[in-house]
Amino acid sequence: MKLISARTAVLVALTVLLVLGLTVFLVQYVNHAAAWAQHPSNRHFYTNARLNTSGTIYDRHGNILIQMVDGEIRFNEDATVRTAVMHATGDRGDNVETGALLVFRDRLTGWNFFNGAYRFNNKISPAHDLTLTLDANLCARAYQELNGRKGTVGIYNYKTGEILCMVSSPSFDPANPPDLQSYPESYEGVYLNRLLSATYTPGSVFKLVTTAAALDHLPYIMRKPYQCQGRTQIEGNMVTCLTAHGQVTLKEALAHSCNVTFAQIALELGADRLQEYAELAGFNSSLEIDGIKTAVGKVDLARATKAELAWAGIGQFTNTANPLNFMAFVGAIANDGIRVTPKILADKNVFSSLNDTENKKELLSKETTATLKNMMRNNTLTVYGEHNFRGLELCAKSGTAEVGAERKPHAWFTGFLARDDFPLAFVVVIEGGGAGSRAAASVAAKILPVAIGVN
Ligand SMILES: [Zn+2]
(Lines give C-alpha, C1' and ligand atoms only; values in the text may rest on other atoms or scores of the structure.)
Protein backbone atom coordinates (compact mmCIF):
# COMPACT_ATOMS: atom_id res chain seq x y z
CA MET A 1 0.00 0.00 0.00
CA LYS A 2 2.78 2.32 0.99
CA LEU A 3 4.56 1.73 -2.31
CA ILE A 4 1.40 2.38 -4.32
CA SER A 5 0.66 5.69 -2.58
CA ALA A 6 4.28 6.77 -3.06
CA ARG A 7 3.96 6.01 -6.78
CA THR A 8 0.63 7.80 -6.91
CA ALA A 9 2.24 10.84 -5.32
CA VAL A 10 5.00 10.80 -7.94
CA LEU A 11 2.46 10.46 -10.74
CA VAL A 12 0.37 13.29 -9.35
CA ALA A 13 3.49 15.47 -9.08
CA LEU A 14 4.47 14.64 -12.68
CA THR A 15 0.95 15.38 -13.93
CA VAL A 16 0.94 18.71 -12.13
CA LEU A 17 4.31 19.57 -13.73
CA LEU A 18 3.04 18.59 -17.16
CA VAL A 19 -0.10 20.68 -16.80
CA LEU A 20 1.95 23.64 -15.53
CA GLY A 21 4.38 23.32 -18.41
CA LEU A 22 1.57 23.12 -20.95
CA THR A 23 -0.11 26.15 -19.44
CA VAL A 24 3.10 28.18 -19.62
CA PHE A 25 3.59 27.10 -23.23
CA LEU A 26 0.01 27.90 -24.23
CA VAL A 27 0.14 31.33 -22.64
CA GLN A 28 3.44 32.03 -24.42
CA TYR A 29 2.02 30.68 -27.66
CA VAL A 30 -1.07 32.86 -27.47
CA ASN A 31 1.01 35.92 -26.72
CA HIS A 32 3.95 35.44 -29.01
CA ALA A 33 3.09 32.98 -31.75
CA ALA A 34 2.78 35.61 -34.45
CA ALA A 35 6.20 37.00 -33.55
CA TRP A 36 7.76 33.52 -33.49
CA ALA A 37 6.32 32.67 -36.87
CA GLN A 38 7.73 35.86 -38.31
CA HIS A 39 11.15 35.55 -36.72
CA PRO A 40 13.84 36.10 -39.35
CA SER A 41 15.17 32.58 -38.71
CA ASN A 42 11.93 31.15 -40.08
CA ARG A 43 12.81 30.54 -43.70
CA HIS A 44 9.22 29.98 -44.54
CA PHE A 45 8.68 33.71 -44.45
CA TYR A 46 12.07 35.21 -45.01
CA THR A 47 14.58 35.24 -47.78
CA ASN A 48 17.72 37.34 -47.22
CA ALA A 49 16.23 38.81 -44.01
CA ARG A 50 13.31 40.38 -45.84
CA LEU A 51 9.77 39.49 -44.87
CA ASN A 52 8.52 37.15 -47.52
CA THR A 53 5.06 38.59 -47.77
CA SER A 54 3.01 37.56 -50.72
CA GLY A 55 -0.41 38.69 -51.73
CA THR A 56 -2.19 41.76 -52.91
CA ILE A 57 -3.52 44.87 -51.23
CA TYR A 58 -6.57 46.26 -52.98
CA ASP A 59 -8.57 49.46 -52.60
CA ARG A 60 -12.37 49.35 -52.15
CA HIS A 61 -12.97 49.12 -55.91
CA GLY A 62 -10.54 46.26 -56.50
CA ASN A 63 -7.69 48.43 -57.76
CA ILE A 64 -4.34 46.90 -56.91
CA LEU A 65 -2.36 49.14 -54.57
CA ILE A 66 0.50 46.75 -53.93
CA GLN A 67 1.25 43.26 -55.06
CA MET A 68 3.90 41.10 -53.42
CA VAL A 69 5.41 38.07 -55.02
CA ASP A 70 8.07 36.28 -52.99
CA GLY A 71 9.22 39.41 -51.24
CA GLU A 72 9.22 41.55 -54.40
CA ILE A 73 6.88 44.53 -54.14
CA ARG A 74 5.03 45.80 -57.20
CA PHE A 75 3.16 49.04 -56.83
CA ASN A 76 0.13 50.51 -58.58
CA GLU A 77 1.01 51.69 -62.08
CA ASP A 78 -0.11 55.30 -61.53
CA ALA A 79 2.53 57.46 -59.86
CA THR A 80 -0.01 59.84 -58.29
CA VAL A 81 -1.97 56.93 -56.78
CA ARG A 82 1.26 55.37 -55.47
CA THR A 83 2.27 58.65 -53.87
CA ALA A 84 -1.19 59.43 -52.48
CA VAL A 85 -1.63 56.05 -50.77
CA MET A 86 2.00 55.64 -49.71
CA HIS A 87 1.16 56.29 -46.03
CA ALA A 88 -1.60 53.67 -46.18
CA THR A 89 0.42 50.96 -47.94
CA GLY A 90 3.93 51.66 -46.69
CA ASP A 91 7.21 51.83 -48.59
CA ARG A 92 9.98 49.37 -49.42
CA GLY A 93 12.07 50.42 -46.45
CA ASP A 94 9.22 49.93 -43.94
CA ASN A 95 9.68 53.49 -42.75
CA VAL A 96 5.98 54.34 -42.47
CA GLU A 97 4.59 53.03 -39.21
CA THR A 98 0.97 53.15 -40.37
CA GLY A 99 1.60 51.30 -43.64
CA ALA A 100 -0.39 48.11 -44.29
CA LEU A 101 2.84 46.29 -45.18
CA LEU A 102 3.94 46.67 -41.56
CA VAL A 103 0.66 46.86 -39.62
CA PHE A 104 -1.06 43.92 -41.27
CA ARG A 105 1.96 41.77 -41.91
CA ASP A 106 0.54 38.77 -39.99
CA ARG A 107 -2.21 38.66 -42.53
CA LEU A 108 0.06 39.20 -45.49
CA THR A 109 2.51 36.49 -44.43
CA GLY A 110 -0.40 34.08 -44.41
CA TRP A 111 0.05 33.20 -40.77
CA ASN A 112 -2.91 32.77 -38.51
CA PHE A 113 -3.46 31.57 -35.02
CA PHE A 114 -5.39 28.40 -35.80
CA ASN A 115 -3.72 27.18 -38.95
CA GLY A 116 -0.21 28.45 -38.43
CA ALA A 117 1.58 29.18 -41.69
CA TYR A 118 -0.39 28.30 -44.75
CA ARG A 119 1.65 29.13 -47.75
CA PHE A 120 1.28 25.92 -49.69
CA ASN A 121 3.48 24.99 -52.66
CA ASN A 122 4.32 28.64 -53.22
CA LYS A 123 0.70 29.30 -54.17
CA ILE A 124 -0.92 32.35 -52.73
CA SER A 125 -4.01 31.60 -50.70
CA PRO A 126 -6.81 34.20 -50.84
CA ALA A 127 -6.24 34.93 -47.16
CA HIS A 128 -3.05 36.74 -48.14
CA ASP A 129 -5.00 39.43 -49.88
CA LEU A 130 -6.21 42.51 -48.11
CA THR A 131 -8.87 44.98 -49.15
CA LEU A 132 -8.63 48.45 -47.68
CA THR A 133 -11.64 50.75 -47.42
CA LEU A 134 -9.76 53.48 -49.34
CA ASP A 135 -10.75 54.78 -52.76
CA ALA A 136 -7.40 55.09 -54.58
CA ASN A 137 -8.61 57.63 -57.12
CA LEU A 138 -10.19 59.82 -54.47
CA CYS A 139 -6.90 59.73 -52.53
CA ALA A 140 -5.02 60.73 -55.69
CA ARG A 141 -7.35 63.67 -56.28
CA ALA A 142 -7.03 64.83 -52.67
CA TYR A 143 -3.25 64.63 -52.87
CA GLN A 144 -3.29 66.73 -56.03
CA GLU A 145 -5.54 69.32 -54.38
CA LEU A 146 -3.05 69.76 -51.54
CA ASN A 147 -0.72 70.81 -54.34
CA GLY A 148 2.57 70.38 -52.54
CA ARG A 149 1.41 71.97 -49.30
CA LYS A 150 1.99 70.02 -46.08
CA GLY A 151 -1.15 68.68 -44.46
CA THR A 152 -3.78 66.01 -44.63
CA VAL A 153 -7.19 65.14 -46.07
CA GLY A 154 -9.45 62.53 -44.47
CA ILE A 155 -12.93 61.42 -45.52
CA TYR A 156 -14.90 58.63 -43.84
CA ASN A 157 -18.39 57.17 -43.74
CA TYR A 158 -19.81 58.21 -40.37
CA LYS A 159 -22.31 55.33 -40.34
CA THR A 160 -19.99 52.43 -41.23
CA GLY A 161 -16.63 53.89 -40.20
CA GLU A 162 -15.00 53.16 -43.58
CA ILE A 163 -12.16 55.56 -44.39
CA LEU A 164 -12.40 56.45 -48.09
CA CYS A 165 -9.64 59.01 -48.24
CA MET A 166 -6.45 59.13 -46.17
CA VAL A 167 -3.82 61.40 -47.60
CA SER A 168 -0.78 62.94 -45.98
CA SER A 169 1.56 65.43 -47.58
CA PRO A 170 4.51 65.51 -48.16
CA SER A 171 4.70 62.04 -49.62
CA PHE A 172 6.82 60.40 -52.32
CA ASP A 173 6.53 57.78 -55.01
CA PRO A 174 7.55 54.54 -53.27
CA ALA A 175 8.38 52.92 -56.62
CA ASN A 176 10.92 55.67 -57.40
CA PRO A 177 11.95 57.13 -54.05
CA PRO A 178 13.70 60.49 -54.41
CA ASP A 179 16.78 61.48 -52.45
CA LEU A 180 14.87 62.61 -49.36
CA GLN A 181 17.95 63.85 -47.52
CA SER A 182 18.76 66.40 -50.19
CA TYR A 183 15.51 68.25 -49.59
CA PRO A 184 15.02 68.14 -45.81
CA GLU A 185 12.56 71.01 -45.81
CA SER A 186 10.26 69.70 -48.55
CA TYR A 187 10.25 66.21 -47.08
CA GLU A 188 9.98 67.20 -43.42
CA GLY A 189 8.12 64.43 -41.58
CA VAL A 190 7.58 62.56 -44.85
CA TYR A 191 7.14 59.18 -43.16
CA LEU A 192 4.52 60.57 -40.76
CA ASN A 193 0.90 59.84 -41.61
CA ARG A 194 -0.47 63.25 -40.67
CA LEU A 195 -4.07 62.06 -40.51
CA LEU A 196 -3.35 59.37 -37.91
CA SER A 197 -0.10 60.34 -36.26
CA ALA A 198 0.10 64.15 -36.13
CA THR A 199 -1.46 66.69 -33.79
CA TYR A 200 -2.10 70.36 -34.49
CA THR A 201 -3.48 73.33 -32.63
CA PRO A 202 -7.18 73.09 -33.55
CA GLY A 203 -8.10 76.77 -33.49
CA SER A 204 -11.75 77.53 -34.12
CA VAL A 205 -12.88 74.02 -35.06
CA PHE A 206 -12.66 73.46 -31.29
CA LYS A 207 -15.60 75.86 -30.90
CA LEU A 208 -17.77 72.85 -31.78
CA VAL A 209 -16.71 71.25 -28.49
CA THR A 210 -17.39 74.45 -26.53
CA THR A 211 -20.77 74.77 -28.26
CA ALA A 212 -21.73 71.18 -27.34
CA ALA A 213 -20.92 71.83 -23.67
CA ALA A 214 -22.84 75.13 -23.73
CA LEU A 215 -25.94 73.53 -25.30
CA ASP A 216 -25.99 70.86 -22.58
CA HIS A 217 -25.16 72.98 -19.55
CA LEU A 218 -26.06 76.64 -20.10
CA PRO A 219 -29.90 76.62 -20.22
CA TYR A 220 -30.07 80.23 -21.45
CA ILE A 221 -27.50 79.80 -24.22
CA MET A 222 -29.85 79.88 -27.23
CA ARG A 223 -31.54 83.09 -26.05
CA LYS A 224 -28.66 85.09 -24.62
CA PRO A 225 -27.33 87.93 -26.77
CA TYR A 226 -23.52 88.30 -26.58
CA GLN A 227 -21.76 91.57 -27.29
CA CYS A 228 -18.58 91.77 -29.38
CA GLN A 229 -16.69 95.04 -29.69
CA GLY A 230 -13.90 93.24 -31.53
CA ARG A 231 -11.92 92.74 -28.35
CA THR A 232 -12.24 91.91 -24.71
CA GLN A 233 -9.80 91.93 -21.84
CA ILE A 234 -9.57 88.93 -19.52
CA GLU A 235 -7.18 89.33 -16.59
CA GLY A 236 -5.11 91.78 -18.64
CA ASN A 237 -5.01 89.41 -21.61
CA MET A 238 -6.58 90.65 -24.84
CA VAL A 239 -8.85 88.36 -26.83
CA THR A 240 -9.60 89.79 -30.27
CA CYS A 241 -11.81 89.18 -33.29
CA LEU A 242 -10.96 90.18 -36.87
CA THR A 243 -13.85 92.61 -36.74
CA ALA A 244 -16.42 93.82 -34.17
CA HIS A 245 -19.31 91.39 -34.51
CA GLY A 246 -21.75 93.52 -32.47
CA GLN A 247 -24.65 91.74 -30.80
CA VAL A 248 -24.67 88.03 -31.68
CA THR A 249 -26.50 84.84 -30.75
CA LEU A 250 -24.59 81.59 -30.26
CA LYS A 251 -25.52 80.53 -33.78
CA GLU A 252 -24.13 83.75 -35.29
CA ALA A 253 -21.07 83.61 -33.07
CA LEU A 254 -20.27 80.12 -34.37
CA ALA A 255 -20.84 81.09 -38.00
CA HIS A 256 -18.57 84.15 -37.73
CA SER A 257 -16.22 82.39 -35.33
CA CYS A 258 -16.48 85.19 -32.76
CA ASN A 259 -13.58 84.77 -30.32
CA VAL A 260 -14.95 87.32 -27.86
CA THR A 261 -18.21 85.38 -27.46
CA PHE A 262 -16.52 81.98 -27.16
CA ALA A 263 -14.05 83.31 -24.60
CA GLN A 264 -17.05 84.46 -22.56
CA ILE A 265 -18.85 81.11 -22.98
CA ALA A 266 -15.74 79.21 -21.84
CA LEU A 267 -15.69 81.29 -18.65
CA GLU A 268 -19.40 80.63 -18.09
CA LEU A 269 -18.82 76.89 -18.51
CA GLY A 270 -15.77 76.72 -16.25
CA ALA A 271 -12.61 74.63 -16.67
CA ASP A 272 -14.05 71.34 -15.38
CA ARG A 273 -17.00 71.34 -17.74
CA LEU A 274 -14.93 72.28 -20.78
CA GLN A 275 -12.38 69.62 -19.86
CA GLU A 276 -15.18 67.04 -19.58
CA TYR A 277 -16.49 67.85 -23.07
CA ALA A 278 -13.03 67.92 -24.60
CA GLU A 279 -12.48 64.39 -23.30
CA LEU A 280 -15.91 63.32 -24.50
CA ALA A 281 -14.94 64.63 -27.94
CA GLY A 282 -11.86 62.40 -27.96
CA PHE A 283 -9.11 64.62 -26.56
CA ASN A 284 -6.56 63.00 -24.21
CA SER A 285 -7.18 59.58 -25.71
CA SER A 286 -6.49 57.82 -28.97
CA LEU A 287 -8.71 55.90 -31.32
CA GLU A 288 -7.69 52.50 -32.58
CA ILE A 289 -8.03 52.11 -36.34
CA ASP A 290 -7.80 48.35 -36.91
CA GLY A 291 -4.95 48.23 -34.43
CA ILE A 292 -3.30 51.53 -35.41
CA LYS A 293 -3.47 54.00 -32.55
CA THR A 294 -3.99 57.65 -33.45
CA ALA A 295 -1.81 60.35 -31.88
CA VAL A 296 -3.32 61.86 -28.73
CA GLY A 297 -4.70 65.40 -28.99
CA LYS A 298 -4.51 67.21 -25.68
CA VAL A 299 -6.57 69.59 -23.59
CA ASP A 300 -5.34 70.30 -20.06
CA LEU A 301 -7.22 72.88 -18.04
CA ALA A 302 -6.24 71.59 -14.59
CA ARG A 303 -4.27 74.73 -13.67
CA ALA A 304 -5.56 77.09 -16.34
CA THR A 305 -6.02 80.75 -15.42
CA LYS A 306 -9.17 82.55 -16.55
CA ALA A 307 -7.41 83.95 -19.58
CA GLU A 308 -6.06 80.52 -20.49
CA LEU A 309 -9.51 78.97 -20.12
CA ALA A 310 -10.91 81.64 -22.44
CA TRP A 311 -8.22 80.87 -25.05
CA ALA A 312 -8.83 77.12 -24.67
CA GLY A 313 -12.53 77.66 -25.41
CA ILE A 314 -11.57 79.12 -28.79
CA GLY A 315 -9.18 76.26 -29.56
CA GLN A 316 -5.89 77.90 -28.67
CA PHE A 317 -3.95 77.82 -25.33
CA THR A 318 -2.14 74.43 -25.25
CA ASN A 319 -4.91 72.52 -27.04
CA THR A 320 -3.83 70.08 -29.74
CA ALA A 321 -5.99 67.84 -31.92
CA ASN A 322 -5.38 64.75 -34.02
CA PRO A 323 -7.12 65.25 -37.39
CA LEU A 324 -8.68 61.79 -37.60
CA ASN A 325 -9.84 61.78 -34.00
CA PHE A 326 -11.46 65.18 -34.50
CA MET A 327 -13.07 64.04 -37.76
CA ALA A 328 -14.62 61.14 -35.81
CA PHE A 329 -16.10 63.63 -33.32
CA VAL A 330 -17.57 65.62 -36.20
CA GLY A 331 -18.90 62.34 -37.59
CA ALA A 332 -20.65 61.76 -34.27
CA ILE A 333 -22.42 65.12 -34.62
CA ALA A 334 -23.63 63.93 -38.04
CA ASN A 335 -24.65 60.53 -36.71
CA ASP A 336 -27.04 61.60 -33.90
CA GLY A 337 -24.28 61.64 -31.30
CA ILE A 338 -22.92 58.14 -32.01
CA ARG A 339 -19.25 57.99 -32.93
CA VAL A 340 -18.40 55.05 -35.19
CA THR A 341 -14.67 54.34 -34.97
CA PRO A 342 -13.07 54.80 -38.38
CA LYS A 343 -11.61 51.69 -39.97
CA ILE A 344 -9.26 50.91 -42.84
CA LEU A 345 -9.88 47.17 -43.37
CA ALA A 346 -12.88 46.39 -45.55
CA ASP A 347 -15.47 43.95 -44.19
CA LYS A 348 -14.79 41.44 -46.92
CA ASN A 349 -11.39 40.55 -45.45
CA VAL A 350 -11.03 37.10 -43.93
CA PHE A 351 -9.97 38.63 -40.65
CA SER A 352 -12.61 41.12 -39.70
CA SER A 353 -11.89 43.74 -37.10
CA LEU A 354 -14.06 45.07 -34.29
CA ASN A 355 -17.64 44.00 -33.87
CA ASP A 356 -20.47 46.50 -33.93
CA THR A 357 -20.78 47.24 -30.22
CA GLU A 358 -17.05 47.78 -29.75
CA ASN A 359 -16.71 50.41 -32.43
CA LYS A 360 -19.65 52.63 -31.47
CA LYS A 361 -19.82 55.14 -28.66
CA GLU A 362 -22.48 57.66 -27.75
CA LEU A 363 -20.77 61.02 -27.25
CA LEU A 364 -23.66 63.47 -27.31
CA SER A 365 -27.46 63.38 -27.16
CA LYS A 366 -29.60 63.38 -30.26
CA GLU A 367 -31.05 66.80 -29.30
CA THR A 368 -27.63 68.40 -28.85
CA THR A 369 -26.33 67.06 -32.14
CA ALA A 370 -29.51 68.15 -33.97
CA THR A 371 -28.88 71.74 -32.82
CA LEU A 372 -25.17 71.56 -33.65
CA LYS A 373 -25.93 70.14 -37.08
CA ASN A 374 -28.34 72.97 -37.74
CA MET A 375 -25.70 75.52 -36.72
CA MET A 376 -23.03 73.90 -38.91
CA ARG A 377 -25.44 73.95 -41.84
CA ASN A 378 -26.03 77.63 -41.13
CA ASN A 379 -22.24 78.21 -41.27
CA THR A 380 -22.23 77.05 -44.89
CA LEU A 381 -25.36 78.98 -45.84
CA THR A 382 -24.30 82.26 -44.26
CA VAL A 383 -20.48 82.24 -44.40
CA TYR A 384 -18.75 79.55 -46.51
CA GLY A 385 -21.18 79.92 -49.41
CA GLU A 386 -23.66 77.29 -50.59
CA HIS A 387 -22.57 77.96 -54.20
CA ASN A 388 -19.17 76.47 -53.35
CA PHE A 389 -20.75 73.25 -52.08
CA ARG A 390 -23.88 72.88 -54.17
CA GLY A 391 -25.88 69.72 -53.57
CA LEU A 392 -23.66 68.51 -50.77
CA GLU A 393 -25.91 69.56 -47.84
CA LEU A 394 -22.66 70.65 -46.26
CA CYS A 395 -22.42 71.24 -42.50
CA ALA A 396 -18.99 72.58 -41.57
CA LYS A 397 -16.66 74.59 -39.36
CA SER A 398 -13.41 76.28 -40.30
CA GLY A 399 -10.43 76.95 -38.10
CA THR A 400 -7.41 79.20 -38.40
CA ALA A 401 -5.03 77.97 -35.73
CA GLU A 402 -2.47 80.48 -34.52
CA VAL A 403 0.93 78.86 -34.00
CA GLY A 404 3.11 81.81 -32.98
CA ALA A 405 3.84 85.22 -34.39
CA GLU A 406 6.51 84.07 -36.88
CA ARG A 407 4.55 81.27 -38.51
CA LYS A 408 1.46 81.36 -40.70
CA PRO A 409 -1.57 79.76 -39.02
CA HIS A 410 -2.72 76.22 -39.84
CA ALA A 411 -5.89 76.08 -41.90
CA TRP A 412 -8.62 73.63 -40.82
CA PHE A 413 -11.92 72.79 -42.44
CA THR A 414 -14.05 69.95 -41.11
CA GLY A 415 -17.66 68.83 -41.37
CA PHE A 416 -19.99 66.40 -43.02
CA LEU A 417 -22.64 65.91 -45.67
CA ALA A 418 -26.17 65.70 -44.22
CA ARG A 419 -27.11 63.18 -46.90
CA ASP A 420 -28.42 59.65 -46.26
CA ASP A 421 -26.95 58.40 -49.53
CA PHE A 422 -23.51 59.83 -48.80
CA PRO A 423 -22.99 59.90 -45.01
CA LEU A 424 -19.49 61.32 -45.21
CA ALA A 425 -17.49 63.34 -42.68
CA PHE A 426 -14.19 64.95 -43.58
CA VAL A 427 -11.23 66.94 -42.33
CA VAL A 428 -8.71 69.07 -44.20
CA VAL A 429 -5.64 70.53 -42.48
CA ILE A 430 -3.07 72.64 -44.32
CA GLU A 431 0.05 73.55 -42.36
CA GLY A 432 0.71 77.26 -42.63
CA GLY A 433 -2.29 77.47 -44.95
CA GLY A 434 -3.66 80.69 -43.47
CA ALA A 435 -7.42 81.15 -43.21
CA GLY A 436 -9.26 77.84 -42.84
CA SER A 437 -12.38 79.16 -44.54
CA ARG A 438 -10.34 79.83 -47.67
CA ALA A 439 -7.32 77.49 -48.03
CA ALA A 440 -8.76 74.35 -46.43
CA ALA A 441 -12.37 74.97 -47.49
CA SER A 442 -11.39 75.24 -51.14
CA VAL A 443 -9.72 71.81 -51.00
CA ALA A 444 -12.93 70.40 -49.47
CA ALA A 445 -15.00 72.11 -52.18
CA LYS A 446 -12.95 70.34 -54.88
CA ILE A 447 -12.69 66.91 -53.32
CA LEU A 448 -16.16 66.34 -51.78
CA PRO A 449 -17.94 66.26 -55.18
CA VAL A 450 -15.40 63.61 -56.26
CA ALA A 451 -16.25 61.59 -53.12
CA ILE A 452 -19.91 61.45 -54.15
CA GLY A 453 -19.08 60.73 -57.78
CA VAL A 454 -20.15 64.09 -59.20
CA ASN A 455 -16.74 65.08 -60.48
ZN1 LIG B 1 -16.39 88.77 -32.30
Quiz item: At 222 nm, what helix-only mean residue ellipticity would the chain give, in deg cm²/dmol to the nearest 500, using -39500 (n - 2.57) for each DSSP H run of four or more?
Solution: -10000 deg cm²/dmol
Quiz item: Which percent, to the nearest 5, of DSSP beta bridges fully inside the chain are antiparallel?
Solution: 95
Quiz prompt | Nearest 10 degrees, 0 to 90: helix 259-269 Cα axis against the chain principal axis | solution = 70
Exercise. Determine ³J(HN,Hα), in whole Hz, for all residues of the range 288-296 in sequence, where each value follows from phi through the Karplus function 6.51 cos²θ - 1.76 cosθ + 1.60 and θ = phi - 60°; x replaces Gly and Pro.
Key: 10, 9, 6, x, 8, 7, 7, 5, 8
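Over the chain, with every protein chain in place, what whole percent of the accessible area is carbon and sulfur at 1.4 Å, could you tell me?
Solvent-exposed carbon and sulfur of the chain make up 51 percent of the total.
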Practice problem: Would you pull out the residues with amide H under 5 Å of R339's amide H, same chain only if 5 or more places away, H placed 1.01 Å from N? | Solution: K361, E362, L363
Quiz item: Counting only heavy atoms of protein chains, what accessible area per residue, in Å², does the range 139-451 have with a probe of 1.4 Å?
Solution: 40
Exercise. Consider a paramagnetic label point 7 Å from the Cα of D336 along Cα→Cβ; state which residues of the range 359-380 have an amide N under 11 Å from it.
Key: 366-367
Practice problem: Note down the relative contact order for the chain as a percent, whole number, built from C-alpha pairs under 8 angstrom at least six residues apart. | Solution: 15
Quiz item: Which residues' amide hydrogens lie under 5 Å from the amide hydrogen of L65, considering only partners 5 or more residues apart or on another chain, with H built in the peptide plane?
Solution: I57, Y58, D59
Quiz prompt | Karplus-derived HN-Hα couplings along the range 150-161 (A = 6.51, B = -1.76, C = 1.60, θ = phi - 60°), whole Hz, x at Gly and Pro | solution = 6, x, 8, 10, x, 9, 9, 7, 6, 9, 9, x
Quiz item: Mind checking the dipole of the chain: about its Cα centre, +1 per Lys or Arg Cβ, -1 per Asp or Glu Cβ, Debye to the nearest 20?
Solution: 460
Exercise. Calculate how steeply helix 207-217 sits against the longest principal axis of the alpha-carbon atoms of the chain, using the helix alpha-carbon long axis, and give the answer as 0 to 90 degrees to the nearest 10.
Key: 80
Quiz prompt | Principal-axis tilt of helix 323-334 within the chain, Cα atoms, nearest 10 degrees | solution = 70
Quiz item: When you count, for each residue, the other Cβ atoms within 10 Å and take the mean per peptide, how do 213-223, 10-20 rank with the highest first?
Solution: 213-223, 10-20
Self-check item: Karplus-derived 3J(HN,Hα), 6.51/-1.76/1.60, for each residue of the range 364-369, Hz, glycine and proline x
Solution: 9, 6, 4, 5, 4, 5
Quiz item: How far apart, in nm, are the 7 Å Cα→Cβ label points at T318 and T8?
Solution: 6.8
Quiz item: With every protein chain left in place, what is the accessible area of Y187 in Å² (1.4 Å probe, nearest 10)?
Solution: 60
Quiz item: Suppose R0 equals 30 Å; then what is the FRET efficiency for L22 and T160 from their Cβ-Cβ distance, rounded to the nearest 0.05?
Solution: 0.10
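The values are calculated or read from the model by the stated rules, or taken from the named source; none is laboratory data. For clarity, every value in this text was computed on a predicted model and none was experimentally measured. Methodologically, a virtual Cβ is constructed for each residue, glycine included, from the backbone with ideal geometry; neighbour enumeration extends over all protein chains shown. Remember, those area values only see protein heavy atoms, side chains included, never the ligands or the DNA or RNA. Shrake-Rupley method; radii C 1.70, N 1.55, O 1.52, S 1.80 Å.
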